Amino acid sequence: DDMPANFFAVRATPEGGAKQEFVLATPQSYSSANAALPEEREAHVSGHAIQRLQELPGIKGLTVTGTYPIATMSYDIPGFPVIVSLEASSPLIPHDPKNSALPCAIFNFAIHNPGTAAVTVDLLESQMNFVGWDGQTDCTSATTFPFWGGNVNTPFQTAALSGIEFSNGKVATDAEAFGTLAVAAINQPGVKVSVIASAASEQAIWDAFTASAATPFPTPPCPASPTGSSSAGAVQQSVTVPAGGSATVSFLLAWHFPNRGRNSSVGGNYDQILPARLGNMYNNWFEDATQVTAYVAANMQNLMGLTRSYTATVFGSSIPPELLDTAAGRLATMRSATMFWTEAGLVLGTEGNGCCPLNCSHVYGYTTLLERLYPELAKDMRVSDFVRNFDPSTGVSMRFGTGGWAIDGALASVIKTYLVVRQSDPEASWLPTVWANLKVQMEIIATKFDDGTGVIRVAQQNTYDTSMQGANTFIGSYYVTALRATAAMATLMQEPALAAQYTARAQESISNYERICWNQGYGYYTCLLYTSDAADEEDSVDLGGRRIIKKKKREKRLWMRVRKKEKNNERMIVQEE
């Protein structure tokens, strides 16, 4: 919470009764001790959030139910005359990349009046005009900042929307900080929309809200803010809910920052591979944030209807909720800052938010969600693997053309190509785009790594950042699957001889890995491993739960045999050769 004045507030005024007003934030019991906790701790909260609730009236509590991408919040406000809940979401529709990549959030507030008298309810969304922000500075730590000044809040109204666009006229149009924000209410009969066009602080927003100082539309733009400062603005909706009745009001928050930069996104190692300005795919669809709100409002029923249908289908299954939550939550990574879709259509991703770029083959090999739910985006990643960055001497680049090669990543790229074909290319019309180099990659592995019996024993650089050697079912499983996938694609490409070759090699590989690695006495697979010279820096490396001691002298090779001792549950023995 590095930005002030971003909050929702509610007021309820029963017919003939006193009003009650709250910021929809909780709990007031948080203290500086919570702020001092590490950010990953459950009870951590920002210092500013604590300060806000010391200065403004918060609520007793709230309950959040997450069914990604929808979060439903129920607010606990004792003595409040209406029941308020919020559905917050950003549209997610499988096989519809555009409508799953909209730069917007949708907030649907449901209000129910269980009482015997009508209640007028006011809901407010406040937003700081942060255009120009460097994306790093804590803007709650001071009142002036060098990146602000020239910020303008412009109220707007159309037949469908009433809102505020936030901009900054002093930011250069080619700067990464250039862009617009918009907060808007979706107009509907019986709901009055008004605006607090500009306020210097969140306290000033709150004071205007409690004083009923919001003004009706139309309202002129505010003057540009002085150097070093910006301002907040808010949109307010007012509806009278009859006794026993219900109402729904919707807010939209949209953003449009067209100048995503290469270096800020992936670092400086890609200056010979990617342009300095990457941009965002949504630049092709919208010119500013107000256009985003207009599109969302015009398509609201379809966007939210299909998003709700997706979550109802996923979370309505008989799969245990813990597994559902884990699986569905992986889509959040795709829609977070970890991955991005450039203006030119490149699908790019790091290993983590700001960590370890770019399109790492052995990390993105873990998942199949993109292939299943957004195959058109997955196709672009395979084009990066087998066309843009393919090295004929080794194959799939481990990190988007900057070098390195990992056998699990290369094999995963083959497998994921077949998944894309199965999901969205039944006539094999796209497959020829990558087929020639995919065959080259498999030929390299089959001739330089396969020992001639379908088993890989030589050095196998992989996701554990070490190069294990010897027969093991980790790489073996990848290899068998890639062989079978290539055979299936060869059939689609009308290459029966190649299909037969890889089918036979897959069967041979299965038989030999089974013979070498299965231990009937233990009832599980074992593996014979030793580490390469590249992995001799530390005393040991953890390979998927198996502790393997590395050799300390390069000339001495330790063969590792992993087994389980029934008596003392020992996980490993080391046999020196």
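The values are calculated or read from the model by the stated rules, or taken from the named source; none is laboratory data. None of the values given here were measured: they were computed from a predicted structure. Cβ placement follows ideal geometry from the backbone for every residue including glycine, while neighbour counts extend to all protein chains displayed. Note: accessible area is taken over every heavy atom of the protein model, side chains too, but ligands, DNA and RNA are not part of it. Shrake-Rupley method; radii C 1.70, N 1.55, O 1.52, S 1.80 Å.
If the viscosity is 0.890 mPa s and the temperature 25 °C, what Stokes-Einstein diffusion coefficient in µm²/s follows for the range 1-133 when Rh is the Kirkwood radius over Cα pairs? In µm²/s, the coefficient rounds to 145.
Surface analysis of the chain yields an accessible area of 45 Å² per residue, using protein heavy atoms and a 1.4 Å probe.
Of interest is the spacing of the C-alpha centroids, which for the range 71-109 and the range 1-47 amounts to 18 Å. Here the translational diffusion coefficient of the range 157-259 follows from Stokes-Einstein with Rh set to the Kirkwood radius across Cα pairs; for 10 °C and 1.306 mPa s it amounts to 104 µm²/s.
As a length-normalised measure over Cα pairs under 8 Å and 6 or more apart, the relative contact order of the range 208-324 settles at 17 percent.
Net charge in the neighbourhood of Ala185 (other residues with Cβ under 12 Å of its Cβ; Lys, Arg +1, Asp, Glu -1) is -1. Nonpolar atom fraction for the chain, defined as the carbon and sulfur part of the 1.4 Å probe accessible area, stands at 53 percent.
Kirkwood hydrodynamic radius computed over the range 108-159 comes to 15.5 Å, based on all pairs of distinct alpha carbons. Phi-derived couplings, Karplus 6.51 cos²θ - 1.76 cosθ + 1.60 at θ = phi - 60°, listed residue by residue for the range 348-364: 10, x, 9, 6, x, 5, x, 10, 6, x, 8, 6, 4, 4, 7, 8, 6 Hz, with x used for Gly and Pro. Placing unit charges on the Cβ atoms of the charged side chains and taking the dipole of the chain about its Cα centre, the candidate lying farthest along the positive direction among Ala289, Ile516, Leu56 is Ile516.
How high is the FRET efficiency from Ala36 to Thr367, r the C-beta distance, R0 56 Å, rounded to 0.05? Given R0 = 56 Å and the Cβ-Cβ separation, E is 0.95.
Within the chain, which whole H helices from DSSP have a Cα span along their axis of at least 15 Å and a mean Kyte-Doolittle hydropathy of 0.5 or more, if any?
Working: long enough: 300-315 (22 Å, 0.26); 321-334 (21 Å, 0.27); 407-424 (26 Å, 0.74); 432-448 (25 Å, 0.26); 473-492 (28 Å, 0.95); 496-517 (31 Å, -0.40).
Result, helices passing both filters: 407-424, 473-492.
Think of each Lys and Arg Cβ as +1 and each Asp and Glu Cβ as -1; about the Cα centre, that makes the dipole of the range 163-264 roughly 140 debye.
The range 330-383 and the range 467-482 have their alpha-carbon centroids 24 Å apart. The charge dipole of the range 211-347, taken about the Cα centre with unit charges on the Cβ atoms of Lys, Arg (+1) and Asp, Glu (-1), comes to about 60 debye, rounded to the nearest 20. In the chain, the alpha-carbon atoms span a convex hull of 200 Å³ per residue.
Per-residue ellipticity at 222 nm for the chain, helices alone: DSSP H runs ≥ 4 residues times -39500 (n - 2.57), over residue total, nearest 500 deg cm²/dmol?
The helix-only estimate for the chain comes to -8500 deg cm²/dmol at 222 nm.
For the chain, the residue among Thr466, Tyr270, Ser31 whose Cα projects farthest onto the positive side of the dipole built from Cβ charges is Thr466.
Per-peptide packing, taken as the mean over residues of other Cβ atoms within 10 Å, places 469-480, 80-91, 201-212 in the sequence 469-480, 80-91, 201-212 from highest down.
Between Ala43 and Ala177, 0.36 nm times their residue separation minus their Cα-Cα distance comes to what? Mind showing how you got there, number by number?
Working: separation 134, 0.36 × 134 = 48.24 nm, distance 3.21 nm.
Stretched fully, the Ala43-Ala177 segment lengthens by 45.0 nm.
Working note: Cα gyration tensor of the range 404-514, eigenvalues times five, square-rooted, sorted largest first, giving semi-axes of 24, 16, 11 Å. Each distinct pair of alpha carbons in the range 97-240 adds a 1/r term; the inverse of their mean, the Kirkwood radius, is 16.5 Å. Of the residues Ala175, Val421, Thr481, the one whose Cα sits farthest towards the positive end of the charge dipole of the chain is Thr481 (charges of +1 on Lys and Arg Cβ, -1 on Asp and Glu Cβ, taken about the Cα centre).
What pairs in Lys170/Lys192; Lys60/Lys192; Lys98/Lys416; Lys416/Lys439 have C-alpha atoms more than 25 Å from each other?
On the way: Lys170/Lys192 34 Å; Lys60/Lys192 28 Å; Lys98/Lys416 22 Å; Lys416/Lys439 14 Å.
Pairs exceeding 25 Å: Lys170/Lys192; Lys60/Lys192.
Net charge dipole, the chain: roughly 1420 debye, given to the nearest 20, about the Cα centre with Cβ charges of +1 for Lys and Arg and -1 for Asp and Glu.
Given the convex hull of the Cα atoms of the range 412-466, what is a quarter of its surface area in nm²?
For the range 412-466, averaging the hull's shadow over all directions gives 4.9 nm².
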